[in-house]
Amino acid sequence: MSTAAVEPRLKRTWGLYEVYIGKKLVMAGTGVVLVLYIIGHLLGNLQIYAGPEQMNQYAAFLHSQPGLLWTARIVLLAAVGAHIWSSFLLWRDKRRARPIGYVKKDDIPASYASRTMMWSGPIIAAFVVFHVLHLTTGDVGLGFQPPTAGPTGEAFYAYENVVNGFRYPAVSAAYIFAIALLTMHLYHGMWSMFQSVGISHPRYTPLLKSLAHVFSIAIAAGYISIPVYVMIRFGVK
Amino acid sequence: MELNSKVPDVPIEQAWDRRKFEMKLVNPANKRKYNIIVVGSGLAGASAAATLGELGYNVQCFCYQDSPRRAHSIAAQGGINAAKNYQNDGDSVFRLFYDTVKGGDFRAREYNVYRLAQLSLNIIDQCVAQGVPFAREYGGLLENRSFGGAQVSRTFYARGQTGQQLLLGAYQALQRQVAAGQVKMYARHEMLDLVVIDGRARGIVTRDLITGRIESYAADLVILATGGYGNVYYLSTNAKGCNATAIWRAYKRGALFANPCFTQIHPTCIPVTGEYQSKLTLMSESLRNDGRIWVPKRKGDTRPPDEIPEDERDYFLERKYPAFGNLVPRDVASRNAKAVCDEGRGVGPGGYGVYLDFRDAIKRLGREVIEERYGNLFDMYERITGEDPYRVPMRIYPASHYTMGGLWVDYNLMSTIPGLFVAGEANFSDHGANRLGASALMQGLADGYFILPYTVGDYLASNKLEKVDTTHPAFRSAEAEVACNIKRLLDVRGSRSVDSFHRELGKLVWDYCGMSRTAEGLKYALKKIPELREQYWREVRVPGESEEFNQSLEKAGRVADFFELAELMCLDALHRNESCGGHFREEYQTPDGEALRNDDEYCYVAAWEYRGEDNAPALHKEPLTFKYVQPAQRSYK
Amino acid sequence: MNLILHVWRQKNAKDPGRMVRYEARNISAHMSFLEMLDVVNEELIARGEEPIAFDHDCREGICGMCGFMINGVAHGPERGTTVCQLHMRHFKDGDELYIEPWRSRAFPVIKDLVVDRSAFDRIIAAGGYISVRTGSAPDANAIPVPKENAELAMDAAACIACGACVAQCPNGSAALFTGAKIAHLGLLPQGQPERDRRAVAMVVQMTKEGFGHCTNIGECEAVCPKEIKLDVIARMHRDYLHAAWTGRQKPGFREDQPAEEPMAGNRR
Ligand SMILES: Cc1cc2nc3c(=O)[nH]c(=O)nc-3n(C[C@H](O)[C@H](O)[C@H](O)COP(=O)(O)OP(=O)(O)OC[C@H]3O[C@@H](n4cnc5c(N)ncnc54)[C@H](O)[C@@H]3O)c2cc1C
Ligand code: HEM
Ligand code: HEM
Ligand code: SF4
Ligand code: F3S
Ligand code: FES
């Protein structure tokens, strides 16, 4: 019978995805990629404290490696795509699972973060689009300075662009808001992904949870410090 | 009618093996041609249905709950006995047999009890293999405790949820057969009649509790495993839906009803607090291992318990039964509690309660040990009463708990209607006049897993059964009768609710056919019950319709049957001029208040035959002989 | 005390249903919640109206038959308690209570507060058992089980299939229920041979029944009357993924799983 023989791998993989646990595996896997990016990106951005040269050089360095850059972009895009698609399918299932809602429903102790994953995610995604238009392509303006040809290849003005943008309180506020949501998303997501793939232990899971909380807040602090720093140091427009 | 127990005529140790050898077998290829109806999905029903399905029969299984897993076996807390002797403390099959016969006050059939003790070994093996998480010792082997005053530790348990875990084991086996297509499960179906064709049980009539449809099911034989009738008392430890309907209809179709007055009153239940009370909750008997039972010495002493000094407390069980103390058997403990309350020394609201005090145990062992042993039970008590038993003594009172009586069956578990088998609490069982703690679970599983699968096969192989289906006129007329009964109930359109009648009936039976009985009281009850029943049929109000989900209607039908059963119970209790086990007739007691058996005249099973609405039922006797355990006066001094 | 109740009344599966306001008068603090409803029902019957239908049986918190939402919380405000064991002393005079049936696509309403939970039975039928032929078991002490495992298995086995977890979960997921059975059997040596097959079959059945998924929100754990822990869900995920990984089990549901196929053995 079918179970005795090993299933063809492709068929099996697809079968896995049909059940929510497979989708969650994708969510968690892509979640890891996204978190790694968030961390790496934060480290890159924190160079703002080292002054314009350091940061702009870093940007220039990244852009001088098109292979690396595009691989990273593609992986990231694929991860975001898969993450969003899976979450969409899960959202659809959730809608179907309770066609008639409650007149009154109390969300007992469940954390706010855990219940809001479904909309904190999309807002973050929308933010990222805005953010790329702001700082990568410059389509939103805000004093964006496109790269120029320099002596050792292109010169990048990441530092100036960030400073110019964050001097608008509204822009800073939008960033801070989005980062707050991201924090919430990670607050739940960073332990949830362990649970999703079945890593749980009566003693270590609570520890893991606290660690996820501390970590997500640390990330938030790192990111939020930047617009705050800019506004204090350079004043608002 | 000659009641032939069909016990093999060989020494008791060989009897079951001999019977298994004598039995005819059904050819494996033929098994799927047979249809078997199992009514009930408790330990007895689920285990029988699962095993028969596994053997290849076509099984249809019925229960009134929404899932077979909710049968009232789920509520059993304490444990299940088996003569494994894992504790090396001198247990053996013979000792379990001996204790059960003695515990039943010599009113059980020896050969059945012996078989039960033998099969207890297989039951534990089976359940462990199914994944029942019994308590373990650190070495990984099974743990036992002593229970209900037994002198050996032979009780296997899964925390305070033994019944639940055993039932889930059987339920899971059942669901496996459901998936395999061997068993078809009909949940939310209540059996309302038995169909007998050419003298054989050939099917049942049910009501689909969701749609209200009356339906017929035909089969080659019918197994009833519908549990006990303790709800006749209204307040009992049984689930609200437990009923006598299935066995009562079988009785009216010709099955004899044995020992209806043998009911067990459990001493440790949480007392009644008010009129509205719907249900009594059992606290495991194990509490009596460490708790001390007392009442104030003075009548009407309303001081809070901690203000009553030591020398004004009456530890009445310890005083009267120094050897067994608080661990005397259930009937003795219950009766004594009632006696002190009748004297006016009861405690709590209404004065019907006695203290079960852990103060000394906590002092001796420390709160932690007590918490470990009884934590769950203490929590449950606090949840229900709002009192903290670590500080204030618990209050307990006896409540109806188990019914030893039931349909009469022979050694093969077949009733007097050929093709009607009865298992579990629904049959008159192996417990005689009183059941030992932790042995009902054992009996239910022995019946279902290990006895019926053999005896049912034998019946099928030795009888040539005509094919019948539900178009047979007997089904039509049974359906019509059922429908007519329902219509009658709905048409009364009186003014009183079903519950109010049930409560009144229950109180009557409890007062006169409960823990202790007198000829006078029973005669009074026999006069009152028909009056109340008549009133019921004149004044009951059953709202709603029949062709819909209608819980009032369900209740109304059950209560109608309880009315008739209550009368038979009183009749049986009145005729048995002796005290034995749970049946305590005040006229028959030793000078110091012990039950006084009359073996010369009453060493028999009283089996009642229905003879129509206007005739008194006829009494048939199955004499009991005791070759292996000599009848002796029970003594717990 | 006196209370105001808003109760979901629905005549049958087809009726759209609505909330109806009732007053519960002279309620004693010692009553259980169901006894309070009994009192309301007696009054309704006296007035010639249909009583409120609700499921119940044991009334001692073990059969799993009872259950509905009280003010948006499954089984009401007390932790680790079924409604039949919830007592009125936890409420105050004048409280206004919203009483609604479990809401889930997999639990269609039958009448008022009564829902159809047969989906749970089908999940168990899909694989929530250990296959053992009656009479074929070895001696009970032949397989030692570490006490700790037996205790953990018992924790999980305590599930009463009430459905509160599904009702409370914002996603309508039955992960706690299904995980509890998978954990119970998977923790015992007897349960190992079928562990892969069981996990896949039960999870697939759960999905087919229309339950939602689990995003680890944890409301289920909070209302579970038997205090089953989220651990069991992680176990279920782990077992399922393991089964998919080893490849002996088809992890999806394009074809119906034959019910009685030979069990694939597995290590661990
Ligand atoms: C609170 C409590 C604690 C107990 N503790 C212990 C203990 O520790 N040890 C011990 O050995 N025993 C104990 N007992 C006794 C023991 O639990 C029961 O005797 C035993 O479980 C009965 O099993 P059963 O299968 O015969 O019936 P049940 O489990 O009662 O099952 C009856 C079945 O029949 C069905 N049914 C009933 N009527 C109908 C109908 N008309 N139509 C269709 N279906 C119907 C029901 O749906 C149910 O499925 C306890 C009993 C109680 C009440
Ligand atoms: C449209 C955008 C997004 C949506 C709809 C979305 C949705 C979700 C949802 C519903 C979960 C819960 C999964 C679960 O708990 O089972 C989740 C988890 C997660 N998300 Fe997102 N998300 C989005 C974007 C992001 C982004 C941009 C990041 C990273 C920066 C991210 C990181 C994570 C992580 C790490 C998890 C945990 C994985 C897991 O629980 O399995 N998400 N997301
Ligand atoms: C204070 C906060 C942040 C700062 C200062 C910042 C800064 C930048 C800058 C300067 C770039 C352009 C790099 C370049 O093109 O050279 C960039 C790109 C990007 N940022 Fe951020 N960022 C911040 C927060 C975030 C957050 C919270 C996310 C995700 C959730 C994010 C995701 C991205 C992405 C996806 C790109 C595009 C990368 C690419 O070009 O491939 N950033 N960011
Ligand atoms: S897991 Fe808890 S809430 Fe869910 S069905 Fe089981 S007992 Fe009820
Ligand atoms: S609330 Fe729901 S999302 Fe998971 S953890 Fe419980 S099933
Ligand atoms: S009625 Fe049985 S659990 Fe509530």
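Restricting to the range C:39-66, and then to whatever is surrounded by fewer than 21 Cβ atoms within 10 Å (Cβ to Cβ) and among the charged types (D, E, K, R), can you tell me which residue is nearest to ligand 5 (Cβ to nearest atom)?
C:Glu50
Given (1) buried (at least 24 other Cβ atoms within 10 Å of the Cβ); (2) within 14 Å of chain C (Cβ to nearest Cβ), identify the lone condition not met by B:Ala440.
(2)
Residues are listed down the side, and each one gets a yes or a no for (1) more than 29 Å from B:Phe156 (Cα to Cα); (2) more than 13 Å from the chain's Cα centre (by Cα); (3) in contact (Cβ under 8 Å) with a residue 24 or more places away in the chain:
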residue: B:Phe421; (1), (2), (3): no, yes, yes
residue: B:Glu425; (1), (2), (3): no, no, yes
residue: B:Gly437; (1), (2), (3): no, no, yes
residue: B:Leu445; (1), (2), (3): no, yes, yes
residue: B:Tyr449; (1), (2), (3): no, yes, yes
residue: B:Tyr454; (1), (2), (3): no, yes, yes
residue: B:Ala461; (1), (2), (3): yes, yes, yes
residue: B:Lys467; (1), (2), (3): yes, yes, no
residue: B:His472; (1), (2), (3): yes, yes, yes
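I want to confirm something. Restricting to the range C:49-64 and keeping residues that are among the hydrophobic types (A, V, I, L, M, F, W, C) and in contact (Cβ under 8 Å) with a residue 40 or more places away in the chain, which single residue is farthest from C:Asp116 (Cα to Cα)?
Among residues in the range C:49-64 that are among the hydrophobic types (A, V, I, L, M, F, W, C) and in contact (Cβ under 8 Å) with a residue 40 or more places away in the chain, the one farthest from C:Asp116 (Cα to Cα) is C:Ile62.
Mind telling me which of the residues C:Ala174, C:Ala164, C:Ala125 ends up being within 7 Å of another protein chain (Cβ to nearest Cβ), touching a helix residue (DSSP H, G or I) at 6+ places or on another chain (Cβ under 7 Å) and more than 16 Å from ligand 3 (Cβ to nearest atom)?
C:Ala125
Which of the residues that make up the range B:273-304 are touching a strand residue (DSSP E or B) at 6+ places or on another chain (Cβ under 7 Å) and surrounded by fewer than 19 Cβ atoms within 10 Å (Cβ to Cβ)?
Passing the criteria: only B:Lys297.
Give the number of residues within the range B:541-558 that are within 10 Å of chain C (Cβ to nearest Cβ) and aliphatic (A, V, I, L, M).
Residues meeting the conditions: 1.
Filtering the range A:56-104 down to residues that are of a type in the set (Gly, Ala, Ser), more than 14 Å from every other protein chain (Cβ to nearest Cβ) and assigned to a helix (DSSP H, G or I), which residue is nearest to ligand 5 (Cβ to nearest atom)?
Keep residues of the range A:56-104 that are of a type in the set (Gly, Ala, Ser), which gives A:59-60, A:64, A:67, A:72, A:78-79, A:81-82, A:86-87, A:97, A:101.
Retained after the next criterion (residues that are more than 14 Å from every other protein chain (Cβ to nearest Cβ)): A:59-60, A:64, A:67, A:72, A:78-79, A:81-82.
After this cut, where a residue has to be assigned to a helix (DSSP H, G or I) as well, the list is A:59-60, A:67, A:72, A:78-79, A:81-82.
Values: A:Ala59: 41, A:Ala60: 46, A:Gly67: 41, A:Ala72: 32, A:Ala78: 26, A:Ala79: 23, A:Gly81: 24, A:Ala82: 21 Å.
Looking at the filtered set, the residue picked out is A:Ala82.
Hey, which of the helices (runs of 4 or more DSSP H) in the range B:426-539, taking only ones fully inside, have at least 3 residues that are closer than 26 Å to C:Thr134 by Cα?
Result: B:440-445, B:452-462.
Go through the range C:101-157 and give me each residue that's basic (Lys, Arg) and in a loop (DSSP other than H, G, I, E, B).
Across the range C:101-157, the qualifying residues are C:Arg103, C:Arg105, C:Arg117, C:Arg133.
Do we have any residue at all in the range A:170-189 that's within 11 Å of another protein chain (Cβ to nearest Cβ) and not charged (D, E, K, R)? First the steps, then the outcome.
Quick first cut of the range A:170-189, residues within 11 Å of another protein chain (Cβ to nearest Cβ) only: A:188-189.
Filter once more, keeping what is not charged (D, E, K, R): A:188-189.
So far as the range A:170-189 goes, yes, one or more of its residues are within 11 Å of another protein chain (Cβ to nearest Cβ) and not charged (D, E, K, R).
Tell me yes or no: at least one residue of the range B:134-144 is on the phi > 0 side of the Ramachandran plot and at pLDDT 95 or above.
Scanning the range B:134-144, I find at least one residue that is on the phi > 0 side of the Ramachandran plot and at pLDDT 95 or above, so the answer is yes.
What is the number of the single condition among (1) outside any loop (DSSP other than H, G, I, E, B); (2) in contact (Cβ under 8 Å) with a residue 40 or more places away in the chain; (3) among the polar types (S, T, N, Q) that C:Asn171 does not meet?
Looking at each condition in turn, C:Asn171 falls short on (1).
Would you call A:Ala149 over 14 Å from the mean Cα position of the chain (by Cα), at pLDDT 90 or above and more than 14 Å from chain C (Cβ to nearest Cβ)?
no
Anything in the range A:176-204 that is more than 14 Å from ligand 2 (Cβ to nearest atom) and assigned to a helix (DSSP H, G or I)? List them, or say none.
Scanning the range A:176-204 gives A:Ile176, A:Phe177, A:Tyr204.
Considering only the range B:552-564, I want to know if a residue exists there that is assigned to a helix (DSSP H, G or I), within 30 Å of C:Lys14 (Cα to Cα) and of a type in the set (S, T, N, Q).
Yes: the range B:552-564 contains one or more residues that are assigned to a helix (DSSP H, G or I), within 30 Å of C:Lys14 (Cα to Cα) and of a type in the set (S, T, N, Q).
Look at the range C:145-176 and say how many of its residues are away from ligand 5 (no atom under 16 Å from the Cβ) and either touching a strand residue (DSSP E or B) at 6+ places or on another chain (Cβ under 6 Å) or more than 21 Å from C:Ile130 (Cβ to Cβ) (or both).
3
Just to verify a result, which residue in the range C:71-92, among those that are touching a helix residue (DSSP H, G or I) at 6+ places or on another chain (Cβ under 6 Å) and among the hydrophobic types (A, V, I, L, M, F, W, C), is farthest from the other protein chains (Cβ to nearest Cβ)?
C:Val83
Spot the failing condition for C:Asp121; the list is (1) touching a residue at least 60 places away in the same chain (Cβ under 8 Å); (2) within 16 Å of ligand 1 (Cβ to nearest atom), and only one is missed.
Looking at each condition in turn, C:Asp121 falls short on (1).
Please specify each residue of the range C:94-122 satisfying the condition of being in contact with a Pro (Cβ under 6 Å, 6 or more places away or on another chain) and within 8 Å of chain B (Cβ to nearest Cβ).
Passing the criteria: only C:Asp116.
Tell me which of these C:Glu49 doesn't satisfy, since it passes every other one: (1) part of a loop (DSSP other than H, G, I, E, B); (2) closer than 26 Å to B:Lys555 by Cβ; (3) more than 9 Å from every other protein chain (Cβ to nearest Cβ).
Result: C:Glu49 fails condition (3) only.
Give me the residue from the range A:36-65 that is away from ligand 2 (no atom under 16 Å from the Cβ) and under 22 Å from the mean Cα position of the chain (by Cα) and, out of that set, nearest to A:Leu186 (Cα to Cα). Before the answer, list the steps.
First, the residues of the range A:36-65 that are away from ligand 2 (no atom under 16 Å from the Cβ): A:46-65.
Subsequent filtering for residues that are under 22 Å from the mean Cα position of the chain (by Cα) retains A:46-48, A:55, A:58-59, A:62-63.
Working: A:Leu46: 20, A:Gln47: 23, A:Ile48: 24, A:Met55: 26, A:Tyr58: 27, A:Ala59: 26, A:Leu62: 26, A:His63: 28 Å.
Filtering first and then ranking leaves A:Leu46.
Hey, can you tell me all the residues within the range B:57-110 that are closer than 19 Å to B:Ile223 by Cβ and aromatic (Phe, Trp, Tyr)?
B:Tyr57, B:Phe62, B:Tyr64
Residue by residue, here is whether (1) modelled with pLDDT of 95 or more; (2) surrounded by fewer than 20 Cβ atoms within 10 Å (Cβ to Cβ); (3) charged (D, E, K, R) holds:
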position: B:Phe421; (1), (2), (3): yes, no, no
position: B:Glu425; (1), (2), (3): yes, no, yes
position: B:Phe428; (1), (2), (3): yes, no, no
position: B:Leu436; (1), (2), (3): no, no, no
position: B:Tyr449; (1), (2), (3): yes, no, no
position: B:Thr470; (1), (2), (3): yes, yes, no
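Quick one: which strands (runs of 3 or more DSSP E) sit completely within the range B:125-214 and have at least 1 residues that are facing chain C (nearest Cβ under 9 Å), surrounded by 23 or more Cβ atoms within 10 Å (Cβ to Cβ) and out of contact with any Lys or Arg (no Cβ under 9 Å at 6 or more places or on another chain)?
Filter on the range B:125-214 gives B:183-186.
Only one of these is assigned by TED's automatic domain parsing to the domain that holds C:Glu35, farther than 19 Å from A:Lys104 by Cα, away from ligand 3 (no atom under 16 Å from the Cβ) and not polar (S, T, N, Q): C:Glu60, C:Glu78, C:Glu100. Name it.
C:Glu60
Go through the residues of the range A:197-207 one by one and say whether even a single one is touching a residue at least 12 places away in the same chain (Cβ under 8 Å), of a type outside the set (Lys, Arg), within 29 Å of C:Leu152 (Cβ to Cβ) and surrounded by fewer than 21 Cβ atoms within 10 Å (Cβ to Cβ).
The answer is yes, given that some residue of the range A:197-207 is touching a residue at least 12 places away in the same chain (Cβ under 8 Å), of a type outside the set (Lys, Arg), within 29 Å of C:Leu152 (Cβ to Cβ) and surrounded by fewer than 21 Cβ atoms within 10 Å (Cβ to Cβ).
Which condition number in (1) charged (D, E, K, R); (2) within 16 Å of ligand 6 (Cβ to nearest atom); (3) in contact with a helix residue (DSSP H, G or I) (Cβ under 8 Å, 6 or more places away or on another chain) is the one that B:Lys31 fails?
Answer for B:Lys31: the failing condition is (2).
The values are calculated or read from the model by the stated rules, or taken from the named source; none is laboratory data. What you see is a predicted model; the values in this text were computed from it and never measured. Note that we place each Cβ from the backbone using ideal geometry, even for glycine, and neighbour counts take in every protein chain shown.
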